[in-house]
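The values are calculated or read from the model by the stated rules, or taken from the named source; none is laboratory data. The structure presented is a predicted model; accordingly, all values stated were derived computationally and were not measured. For neighbour counting, all protein chains shown are included, and Cβ atoms are generated from backbone atoms with ideal geometry for every residue, glycine included.
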Amino acid sequence: MHPHEYDDLSHDFSDNFAAGPGARRSRPGRRNRGSRFDDEPEPTRRGRLTESERLRLAERREEHQDTAGAPAGGDRWSTWDGAEHGPEPHPPWLITELAAVDTELGVLKTGKEADVHLIRRELPGTGRRVVLAAKRYRAAEHRMFHRDAGYLEGRRVRRSREMRALNARTAFGRNLLAEQWSSAEFGALTRLWRVGAPVPYPVQRVGTEVMLEFLGESDGTAAPRLAALRPDPNTLADLWHQTTAALLTLAGEGLAHGDLSAYNVLVHRGRLVLIDLPQVVDVVANPQGVEFLHRDVRNIAGWFAARGLPADLGDPDALLARLVSEALPAG
Ligand SMILES: Nc1ncnc2c1ncn2[C@@H]1O[C@H](COP(=O)(O)OP(=O)(O)OP(=O)(O)O)[C@@H](O)[C@H]1O
Ligand SMILES: [Mg+2]
């Protein structure tokens, strides 16, 4: 597929969602809402939701409830049946039985574009249970993705009816956009998981909800983000090597993360995992592909440098050159 075939679509997007990568909201502003991590400001109401937040979450939950009645011992029947499923072979911890039930354990993190919830899926009477992360993209009236422009260049929206709905920003269009992002993230994770990239296993997708392998402990404690860590020099070097290996795997697929920072990297028991991948960028098809790659490398190498990684080890230019030659076809 030739990249220029997409030019008309990308113009539509940038005209209607006027926010290029340069116009993104700043990260600190986006991080301030409702998170519970030690690298972030304390919430003003500890452990309590405001009334509007409570209502909003209740609405969100209803949207994702596929049956009217709740099964005994859970909030809903497992939504595995009828969902788009993660790649095979399925990991051994996955619960695919129809009799399984899901229980909402709470909100892990609320963001501008999506909320991440903790879900327990269990097979009653068997003791088999697993904690999952459910990332629910929002289709709210005023919600605006920083990723709605720019990133979409080189992608394709198939039907003109959908294209018109997106441009008109009808309710249908807004929901479609949220669904498009969940679909994009699920697709990217599936592809990357298959080639062995360090990403959470994508369990399933239903509409605007992506269910992921939960990186953390079985009591629901999430793995810390890289940004929260102050690693000793050896650990820091090891994490840098894991980062470069991960980015090389992506580049081998012709991809850049597209929103890489120490906030979109988790460290689970010493293992580095990339998350938050809906905007993954095709370095070849996207006219700004190499710029995205460059920005990813600058961001993450900047974090490592600030933590004291020696410059010769964490040289961003050297890494960028390797990634570009890996991602772009020779010649
Ligand atoms: N699979 C997972 N396991 C454990 N924690 C997770 C997982 N996925 C996401 N999280 C937590 O939820 C947070 C938000 O996830 P993610 O970055 O994918 O969503 P987002 O809405 O794009 O957030 P942001 O706007 O803050 O970037 C992460 O920083 C991480 O702390
Ligand atoms: Mg994120």
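Evaluate region 295-306: report whether one residue or more is farther than 14 Å from L319 by Cα, away from ligand 1 (no atom under 16 Å from the Cβ) and not polar (S, T, N, Q). Looking through region 295-306, at least one residue is farther than 14 Å from L319 by Cα, away from ligand 1 (no atom under 16 Å from the Cβ) and not polar (S, T, N, Q). Across region 269-298, the number of residues qualifying as surrounded by 18 or more Cβ atoms within 10 Å (Cβ to Cβ) and either in a loop (DSSP other than H, G, I, E, B) or within 13 Å of ligand 2 (Cβ to nearest atom) (or both) comes to 12. Considering region 261-291 alone, what residues qualify as being closer than 24 Å to E179 by Cβ and either within 16 Å of ligand 1 (Cβ to nearest atom) or small (G, A, S) (or both)? Scanning region 261-291 gives N264, L274, I275, D276, L277, P278, Q279, V280, V281, A285.
Each row is one residue, and each column tells you yes or no for (1) more than 16 Å from ligand 2 (Cβ to nearest atom); (2) crowded, with 20+ Cβ neighbours inside 10 Å; (3) at pLDDT 95 or above.
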| position | (1), (2), (3) |
| --- | --- |
| D148 | no, yes, no |
| L152 | yes, yes, no |
| E185 | no, yes, yes |
| R191 | yes, no, yes |
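In region 247-268, the residue that is nearest to ligand 2 (Cβ to nearest atom) out of those that are of a type outside the set (A, V, I, L, M, F, W, C) and touching a helix residue (DSSP H, G or I) at 6+ places or on another chain (Cβ under 6 Å) is Y263.
With the structure loaded, tell me whether L248 is more than 11 Å from ligand 1 (Cβ to nearest atom), under 23 Å from G314 (Cα atoms) and either more than 14 Å from the chain's Cα centre (by Cα) or among the small types (G, A, S) (or both) or whether it fails that test. Spelling it out, L248 is indeed more than 11 Å from ligand 1 (Cβ to nearest atom), under 23 Å from G314 (Cα atoms) and either more than 14 Å from the chain's Cα centre (by Cα) or among the small types (G, A, S) (or both).
If you go through region 217-233 and keep only what is more than 9 Å from ligand 1 (Cβ to nearest atom), in contact (Cβ under 8 Å) with a residue 24 or more places away in the chain and assigned to a loop (DSSP other than H, G, I, E, B), you end up with S218, G220, L229, R230, P231. When R128, R121, R164, R158 are checked against the criterion of being surrounded by fewer than 18 Cβ atoms within 10 Å (Cβ to Cβ), more than 16 Å from ligand 2 (Cβ to nearest atom) and at pLDDT 95 or above, a single residue qualifies: R128. Of the set (1) surrounded by fewer than 17 Cβ atoms within 10 Å (Cβ to Cβ); (2) closer than 26 Å to G308 by Cβ; (3) touching a residue at least 40 places away in the same chain (Cβ under 8 Å), all apply to H241 but (3).
Selection of region 76-97 for residues being of a type outside the set (A, V, I, L, M, F, W, C) and free of Cβ contacts under 8 Å to residues at least 40 places away in the same chain yields R76, D81, E88, P89, H90, P92, T96, E97.
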